[in-house]
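The values are calculated or read from the model by the stated rules, or taken from the named source; none is laboratory data. Quantities reported herein were computed from a predicted structural model and do not represent experimental measurements. Don't worry about glycine lacking a Cβ; one is built from the backbone with ideal geometry, like all the others, and counts go over all protein chains shown.
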Ligand SMILES: Cc1cc2nc3c(=O)[nH]c(=O)nc-3n(C[C@H](O)[C@H](O)[C@H](O)COP(=O)(O)OP(=O)(O)OC[C@H]3O[C@@H](n4cnc5c(N)ncnc54)[C@H](O)[C@@H]3O)c2cc1C
């Protein structure tokens, strides 16, 4: 019964139904024309579940025809007037609260990386009335020193095996190519993503050739321009490649390459701030929620939870600030498994939905940058070798970067981001030098490590609501391809929140429930 209900799919979107915060300070009710959000009953999973109604909060409707944005504006205007009248009124050393998050927000997004910011962007872009949804992004590290986004290698490709991944990437590339139409901010200079449309070149051994052929069929069906190449054709086009052990290659003819992740991150940040999204520098440490115990028709017991408050520990302080909210988005990347645990996800008997964890954990990946005067020229694509090693050009000065994912047994300790230089020597360079003989002589100039937001179940994204913690939405687990999927994933998550279903790309195979149902969304093209 429960399994059947989970397969049935998504219910009406929480935001689309005018869900308010505990305090009732939400602006959503206004947008819906429903006279405020107090007492919003929500039944996101099954229509027979009704949540307790809320007490009255501040009454937006008493403020005449003011929207919440107008109301905030009025309040701050009045405050300014009072301050200017009172002697020394502008001086408030003991209660400077500008660094604190607001006391309530319709949506709290945990994580201000590219995925969290994209969700914020699409929520504001798709809201029915400007200023209708109050969105807060909580980010604990404003330097992004460990964020996957800025430590990634910035690649985008359509060479995946799952139609959903191909579609996500196709939309994202359209977004990136027209970045200044999506992210332009008045009076700010246009963004330059430094997009290098040099393509991806996947090489397959005899063993992988049939899979590659099948993948390319799917890619073409979905609208990607990819060609298959024999070893002879490969030698002709890229004479610097040694085709030994290569039976087939697939090469992206357009919309594949790499770009500057930092520029995308900053562009999104700048844009969402201009759209009224609030930012807070702090760490989400706790959720306060209420529970509803239920029994399904077949006698299975389930507990539905709803988060009411997010506790944010403000930087350089032991204090926390509670933020009342209607929806929490878990976009904490490699740390999103921990955020799910904080919400009680996975705390239940093994084998039950309650006991099913979010299988996302940090996995350390090294990137090495080397110089090779005789290396491939400007036409070089990103090359993915059958061994798992990959490389691409970096800039114009015969510099290259690349790496290789370790085997499951060799996974390094994710406790820090130190680089293992022997790993390059032993596991990466031999494959590179075999594939590109010029790489036999190279000089490593730099290296770094970053975390994949690694989904141990099937290495694919987790998108959409949790079936039991009904107001936690996921946008995480993208493993090695979250940067390129972020623009499209943000839109998908916003659609589900606002409309209750995926509208442009059906990402049902990426719902959380697959972990309980044991249904893998298996992607074969993982780097
Ligand atoms: C070496 C490497 C190469 C990669 N190459 C590519 C590539 O070529 N193409 C591609 O598409 N993808 C690539 N990826 C994957 C991609 O970088 C990630 O999937 C993507 O950046 C995830 O974005 P995010 O916003 O979810 O995570 P992040 O950028 O990590 O952002 C999550 C944020 O959440 C914050 N956070 C965590 N916990 C809390 C908390 N409790 N409170 C407040 N904030 C919190 C963190 O500080 C962090 O800034 C690569 C990754 C790595 C490591």
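All of (1) in contact with a helix residue (DSSP H, G or I) (Cβ under 7 Å, 6 or more places away or on another chain); (2) over 28 Å from residue 309 (Cβ atoms) hold for residue 181 with one exception: (1).
Counting only residues that are over 17 Å from the mean Cα position of the chain (by Cα), give me the strands (runs of 3 or more DSSP E) lying completely in region 442-527 with at least 3 of them. Filter on region 442-527 gives 443-455. Those helices (runs of 4 or more DSSP H) of region 60-170 in which at least 2 residues are at pLDDT 95 or above, considering only elements entirely within it, cover 114-126, 148-151.
Taking region 332-354 as the range and being on the phi > 0 side of the Ramachandran plot and either near the ligand (Cβ under 9 Å from one of its atoms) or surrounded by 22 or more Cβ atoms within 10 Å (Cβ to Cβ) (or both) as the test, only 333 passes. If the condition is being in contact with a strand residue (DSSP E or B) (Cβ under 9 Å, 6 or more places away or on another chain) and farther than 19 Å from residue 200 by Cβ, then region 376-398 contributes 397, 398. Comparison of 310, 302, 284, 329 shows that the only residue that is modelled with pLDDT under 95, surrounded by 19 or more Cβ atoms within 10 Å (Cβ to Cβ) and either more than 16 Å from the ligand (Cβ to nearest atom) or not assigned by TED's automatic domain parsing to the domain that holds residue 410 (or both) is 302.
Which one of these is surrounded by fewer than 24 Cβ atoms within 10 Å (Cβ to Cβ), near the ligand (Cβ under 10 Å from one of its atoms) and within 19 Å of residue 402 (Cα to Cα): 152, 145? Steps first, answer last, please.
Details: 145 fails: within 19 Å of residue 402 (Cα to Cα).
152 is the lone residue from the list that is surrounded by fewer than 24 Cβ atoms within 10 Å (Cβ to Cβ), near the ligand (Cβ under 10 Å from one of its atoms) and within 19 Å of residue 402 (Cα to Cα).
Residues in region 181-205 that are surrounded by 14 or more Cβ atoms within 10 Å (Cβ to Cβ) and either on the phi < 0 side of the Ramachandran plot or under 21 Å from the mean Cα position of the chain (by Cα) (or both): 16 in all. Scanning region 211-225 for residues that are out of contact with any helix residue (DSSP H, G or I) (no Cβ under 7 Å at 6 or more places or on another chain) and part of a helix (DSSP H, G or I) returns 211, 212, 213, 214, 215, 216, 217, 220, 221. The residues listed here are 486, 447; of these, the one that is under 29 Å from residue 402 (Cβ atoms), within 14 Å of the ligand (Cβ to nearest atom) and surrounded by fewer than 22 Cβ atoms within 10 Å (Cβ to Cβ) is 447.
The rows are residues; the columns are (1) crowded, with 24+ Cβ neighbours inside 10 Å; (2) in contact with a strand residue (DSSP E or B) (Cβ under 9 Å, 6 or more places away or on another chain); (3) within 30 Å of residue 471 (Cα to Cα).
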{"position": "358", "(1), (2), (3)": "yes, yes, yes"}
{"position": "364", "(1), (2), (3)": "no, yes, no"}
{"position": "374", "(1), (2), (3)": "no, no, no"}
{"position": "406", "(1), (2), (3)": "no, yes, no"}
{"position": "411", "(1), (2), (3)": "no, yes, no"}
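Residues in region 110-132: is at least one near the ligand (Cβ under 6 Å from one of its atoms), in the same structural domain as residue 274 (by TED's automatic domain parsing), in contact with a strand residue (DSSP E or B) (Cβ under 7 Å, 6 or more places away or on another chain) and more than 22 Å from residue 464 (Cα to Cα)? There is no residue in region 110-132 that is near the ligand (Cβ under 6 Å from one of its atoms), in the same structural domain as residue 274 (by TED's automatic domain parsing), in contact with a strand residue (DSSP E or B) (Cβ under 7 Å, 6 or more places away or on another chain) and more than 22 Å from residue 464 (Cα to Cα).
For residue 476, the criteria (1) within 30 Å of residue 245 (Cβ to Cβ); (2) buried (at least 20 other Cβ atoms within 10 Å of the Cβ) hold in every case but one, which is (1).
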